[in-house]
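Structure record follows, encoded as C-alpha cells.
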C-alpha cells in the first residue's frame, strides 16, 4: 500500500513530536562518508539547495518556518521515518528499490542524516 | 504476490531456485515487501486490485546472467518484464504490464563502458542513469554533453528504448542511438550495426552495418532485452542563447510556424521549440490571442548571435508585426555557482528533476498523454482548442495542458499531464478521460508517441491502417522470434500467440 498525503501527515506529525535527536557520531571527512555519497547521489537532485529542487520546495511550502526545508538540516527525523519514505515513497516521490539502494546502503544514508 | 499466469507454485519455486543459482540469493526478490517496490509509483490504479504487481524480481549483473535468466523463463514459460532504472514514471514506472510477470531489474548493470571525447559517443549498460553519465563526464573533465530528458534519474538505455526526448540538438534519443547488444528471447546474443563485425572499431560511429537495419524493432518492443547501447554525445558548444518571437494574433501562427520550420530544418534554430500561449493553458477561458515561440541556439559564441539575428530577420520579413526578445546567453563551461542558480538546466545538457515539481505536494503522481501533432499553425490551433475543450468538459484540473513543443524534430507534441490522486474514483474518471482523449485524438489523426502500460492496447488500436497491418506484422515478428511469448507480453499492445488465443 502506497502512502498518501493523509497518512503521511500523521507520520510527519509523530516524527516531529518525537523529535529524536541522536548524538552525532564522529565523522570522517565528508567525501569519505558513504552515507553522504548515497544521499548526494539519490536525494540531492530533488532535496538539495537552490532552485529546481521539487522535494525541497514542497517541504518549504509544507512546513514554512517550523522545520528546515533541507533534509540535511533536520533534527526531528528517525530511522524508521526515513526508511518508510525511501521504501514506500510519498506524493510524487517514488519508492526506491533494493537494486538502487540496498538495505545496508540505506542504513548508511540514514546514519548520515541522523548524524 | 501473484504467481505468473499459468505457472503452478511448484514450478515457480523451482524457477526461483534456478534464478538464485544464476544471480545469487541476494538478487532474487520474492517477499511481498520486496516485490511491492516494483509497483508503478504513479499508477492510475493506485490502491486498486488491478494495479499490476510482479511475482518476483531478478537482478542480473552481466549479459551472461541475463541470457541465463531468459533461458530459465523459456523452460517455465514465465513472462518477463525488463526495466533499466525503473523510472519510466508517468508511463508505468517500474511495473510490468501483466501481473505475475518476473521483473528483470537491470539497475545493477551500471557500467559506463566507454566515453569518447574525440568521436563524441558513449557505450553504456542499462542501469546507467543520465545523472551517472553526466557525473562521470564532469569527474573526468570531458568536453562532451549528454542530452538529458526531464527525469535525470532515467536510464539512457531505457529512455532511448521508449523513444524519449530531451531539449538540445541531440534531443531525439533514438536518432542519437548507435549500436545495441541484445539478448534475444531464446537467450541468444545479438549485436546490431557494426557490432556484428568482429574487431570493428565503428560500433558507435556507424549505425547501420549491413543488411536490414534492426535497432528500431528493439524499441517499445518485446523482442529482446538490450544489455548495452551506444549513444552519441554533443561536443560541448562554446555558447547557448535563447530568443523569443511573439505574435499578437492567432491568424499569424501558420506563417510563424512555416518560418520556424525553415529555420529548424536548415539547422539554424536548434533544440526544442516551445510555443507559449494563453490558449494553450487554462488561464483566461480560452479566448486569448497570440503566441510566443522560444528559439534555442547552440554553437560558437558569435555564430549563435548570428543565428538569432538571422532568425529575427527572416521572421520579420514575413511578419513585420512580430516582436522579438533576447533570452539568456551562456558560455561554457558554466561555473558551479552558475549551475546551482539555474532552475532548469536540462536544455544546457545538465540533468535534473525540476520537472517533478508538476503536481508535487498535491498529487500522488502523474500520467502523460502525448499525441504527435502536425507542425503547422492550423493543426496546432486545432489541437489546443480541441484538447483544451475536451479537458474542460471532462473537468480535468487546469494545469494539465503543457504548451506545444517540437519535442522531436519536424513535429509537435502536446503533453497532457493528468494528476494521479489518492482518490480511487478520481483516478477511475482520469482513466476514462484518458481513453476518450486517445479516441478523440485518433479521429483527428493525432497518435501517442508513447503511452502508459494501462493504455497500450487502446493506442495500438488507433494505428489501424489496412486492417491493423502494423499490429499484425508485429505479432508475426513476435511469434517468430519469441514463440513462447516470454518477453514483455502486451508491451505496446503486441501480445504473443498463446496470450492472443487466450484473450480471443
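Any read-out appearing in this document is the output of simple, stated calculations on the displayed coordinates, not a laboratory observation. Not measured: the values here are computed from a predicted model. Every residue, glycine as well, gets a Cβ built from its backbone with ideal geometry; the counts of neighbours run over all protein chains shown.
Each Cα pair under 8 Å and six or more residues apart adds its separation to the average, and for chain B the resulting relative contact order is 16 percent.
Taking the C-alpha atoms only, the angle from helix B:377-394 to the longest principal axis of chain B is near 60 degrees. Sorted on the mean count of surrounding Cβ atoms within 10 Å across their residues, most packed first, peptides B:193-199, B:183-189 read B:183-189, B:193-199. Each Cα pair under 8 Å and six or more residues apart adds its separation to the average, and for region B:334-464 the resulting relative contact order is 28 percent.
Peptide B:37-43 has a mean of 5 when you count, residue by residue, the C-beta atoms of other protein chains within 10 Å of its C-beta.
This ranking places B:225, B:260 by how few other beta-carbon atoms lie within 10 Å of each, fewest first, which gives B:260, B:225. Look at the Cα gyration tensor of region B:316-449: its axes a ≥ b ≥ c give a/c of at least 1.5 with a/b at or below b/c, and that counts as oblate.
Taking every C-alpha pair closer than 8 Å and separated by at least 6 residues, the mean separation divided by the residue count of region B:146-252 gives a relative contact order of 27 percent.
If I take R0 = 41 Å and measure r between the Cβ atoms of residue B:278 and residue B:200 in this structure, what FRET efficiency does the formula 1/(1 + (r/R0)^6) give, to the nearest 0.05?
Efficiency, from the Cβ-Cβ distance: 0.15.
With all pairs of separate Cα atoms included, the protein assembly as shown yields a Kirkwood hydrodynamic radius of 25.5 Å.
Which translational diffusion coefficient, to the nearest whole µm²/s, is obtained for region B:113-152 from the Stokes-Einstein equation, given a Kirkwood hydrodynamic radius over C-alpha pairs, 20 °C and 1.002 mPa s? Rounded, D is 204 µm²/s.
Could you work out [θ]222 nm for the protein assembly as shown from helices alone, using -39500 (n - 2.57) per DSSP H run of at least four and dividing by all its residues? Round to the nearest 500 deg cm²/dmol.
Mean residue ellipticity, 222 nm, calculated: -10500 deg cm²/dmol.
With both labels modelled 7 Å from their Cα along Cα-to-Cβ, the residue B:394 to residue B:339 distance reads 4.0 nm.
For the Cα trace of chain B, dividing Rg by the Kirkwood Rh returns an Rg/Rh value of 0.97.
The length gained by stretching the chain between residue B:423 and residue B:113 to full extension, at 0.36 nm per residue less their Cα-Cα distance, is 107.1 nm. Of the beta bridges in chain B, as assigned by DSSP with both residues counted there, near 85 percent are antiparallel.
Label sites at residue B:477 and residue B:210, each approximated as a point 7 angstrom past Cα along Cα to Cβ, lie 2.3 nm apart.
Among the residues of B:102-113, the average count of other protein chain beta-carbon atoms within 10 Å of the residue beta-carbon is 1.
Principal-axis analysis of the Cα atoms of chain B puts helix B:253-265 at an angle of about 70° to the longest axis. Where the alpha-carbon atoms of region B:1-154 are placed on the principal axes, they occupy 54, 35, 22 Å, in descending order. Sorting the segments B:463-475, B:480-492 by their residues' average number of neighbouring beta-carbon atoms within 10 angstrom, most packed first, yields B:480-492, B:463-475.
If R0 is 22 Å, the Cβ-Cβ spacing of residue B:77 and residue B:500 corresponds to a FRET efficiency of close to 0.90.
Across peptide B:356-368, the mean count of Cβ atoms from other chains lying within 10 Å of each residue's own Cβ comes to 5.
Our estimate of slack between residue B:190 and residue B:9, defined as 0.36 nm per intervening residue step minus the Cα-Cα distance, is 61.8 nm. Residues in region B:364-383, backbone N under 18 Å from the label point at residue B:249 (7 Å along the Cα-to-beta-carbon vector): list them, ranges by number please. Inside the label zone: B:377-379, B:381-382. Between residue B:469 and residue B:319, residue separation times 0.36 nm minus the direct Cα-Cα distance comes to 49.6 nm. In chain B, the longest principal axis of the Cα atoms and the axis of helix B:465-481 are about 40 degrees apart.
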